[in-house]
Amino acid sequence: MTDVSAKPLVLHVCGSVASEYYEGVSIYYVNECFQEVAKHGTYDNRPCIVHLDGTCSFPADLSEEAKAKAERLTIAQAFAKIAELKPATMVPHMFCLPGMTTYRAIFDALCIPIVGNSAVVMGISTNKVQSKAIVEAAGVPVPPAQLLKKGDVPHMKRPFILKPCNEDNSQGITLIKENTDLQKALDYAFSFDHEVLCESYIELGRELRVAVLEKDDGSFQMLPCIEYFLTDDSPIRTPQHKLVTDSRGVPTTAVVGGRKCPADIDDVLAKKLLNLAVKSHTALGCRDYSIYDVRVDPQGEPFFIEACLYCSFAPKSVIVAMAGEVGMKQREVYEMFVDRSIKRKREADEQAADGAAKRLGMRA
């Protein structure tokens, strides 16, 4: 029998301190991931659940029985527990803003490597205004936009889109047409965030999701794209296009259908999409992988809409589904990034052991 203790311990951090909605998103995806990786036996995969009240628990697995039995720990006690476990790396499954930023930063402070993007990069990408400005400065086409605070009036000609600046899964979004109640849409968007992005509507051509993987030699591989099929009556993706929710609005599963992967992409468009993705990845400071929502206008020109820099590694997650179209199985994708994060930590430790302390510079 394999000695589990000899395997690298991978901590899967999930849950939410923000809302039941994002708790539901997280628990759905981490369950799907956990069921898959448990079959492989490569690592000692352990869950860490962050609860809405700020406590944490470390169940033996993600069964309802195990979750019910797990002791709730304060954040300070959780730090001590994590130090005791000594995880080789952490896989983030939290999709709320604190989960994508604060909790990733905690693991940085604990010197535990993170699979995927850092807290700093996630903070930038989650802010739609900041991420658009950064990629635009790098030469990436973006729709014209205006940042609104409460009391501000959009100066843009209709049609345009209103969406909260820091929000995901199309929460708070409205397409403002000639007869749309603007104040109602503003109130809806501001109910999610204190800043709202007013963005010029790109006429429907195609709606794509584009992803790139960093390869070990530093080059990029663009995966087959996903195309979402929209109509003139429903020309933007809304929450109903993404997640199925219960009667209380809490997500229970992902929406299926209404999409195609691989999308039919000709060589001309593929070159433009690769250029957009690589420039965005580099400008934002991404690591391992990155995903982008891209709107292609009727003339075939792609526009960056937003960055989606997370992956749950569930079989139905975007990166895994795209990679599957080029023959990469979930296990290969997951283990490639887990091993790479462990290697980053090992190399950093070796470098620190070999050299003297830095004399200058503010970055660790």
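The values are calculated or read from the model by the stated rules, or taken from the named source; none is laboratory data. Since the model is a prediction, treat every value here as computed from it, not as a measurement. When we count neighbours, we look across all protein chains shown, and the Cβ atoms used for this are built from the backbone with ideal geometry, even at glycine. For the accessible areas, the whole protein counts, side chains as well, though only heavy atoms, and no ligand, DNA or RNA atoms are used. Shrake-Rupley method; radii C 1.70, N 1.55, O 1.52, S 1.80 Å.
Confirm whether Lys279 is open to solvent by 10 Å² or more (accessible area, probe 1.4 Å), in a helix (DSSP H, G or I), without any contact (Cβ under 8 Å) to a residue 40 or more places away in the chain and on the phi < 0 side of the Ramachandran plot. Judged against the criteria, Lys279 is not a match. Based on this model, can you work out whether Arg287 counts as over 18 Å from the mean Cα position of the chain (by Cα) and either surrounded by 15 or more Cβ atoms within 10 Å (Cβ to Cβ) or basic (Lys, Arg) (or both)? Answer is no for this residue. Go through the stretch 174-209 residue by residue and tally those that are under 18 Å from Gln240 (Cα atoms) and out of contact with any Pro (no Cβ under 8 Å at 6 or more places or on another chain). Number satisfying all stated conditions: 5.
Scan the stretch 69-76 and give yes if some residue there is at pLDDT 95 or above and surrounded by 22 or more Cβ atoms within 10 Å (Cβ to Cβ), otherwise no. Looking through the stretch 69-76, none of the residues is at pLDDT 95 or above and surrounded by 22 or more Cβ atoms within 10 Å (Cβ to Cβ). Could you please let me know if Ser26 is closer than 21 Å to Met100 by Cα and in contact (Cβ under 8 Å) with a residue 40 or more places away in the chain? So Ser26 fits the description; yes.
Of the residues Thr74, Thr89, the single one that is under 23 Å from the mean Cα position of the chain (by Cα) and hydroxyl-bearing (Ser, Thr, Tyr) is Thr89. Of all residues in the stretch 155-193, those satisfying the criterion of being small (Gly, Ala, Ser) and modelled with pLDDT of 95 or more are Ala185, Ala189, Ser191. Please tell me if Asp297 is open to solvent by less than 70 Å² (accessible area, probe 1.4 Å), more than 22 Å from the chain's Cα centre (by Cα) and closer than 21 Å to Ala145 by Cβ. When the stated conditions are applied, Asp297 passes them. When Val212, Val196 are checked against the criterion of being touching a His at 6+ places or on another chain (Cβ under 9 Å), at pLDDT 95 or above, surrounded by 18 or more Cβ atoms within 10 Å (Cβ to Cβ) and assigned to a strand (DSSP E or B), Val212 stands alone in meeting it.
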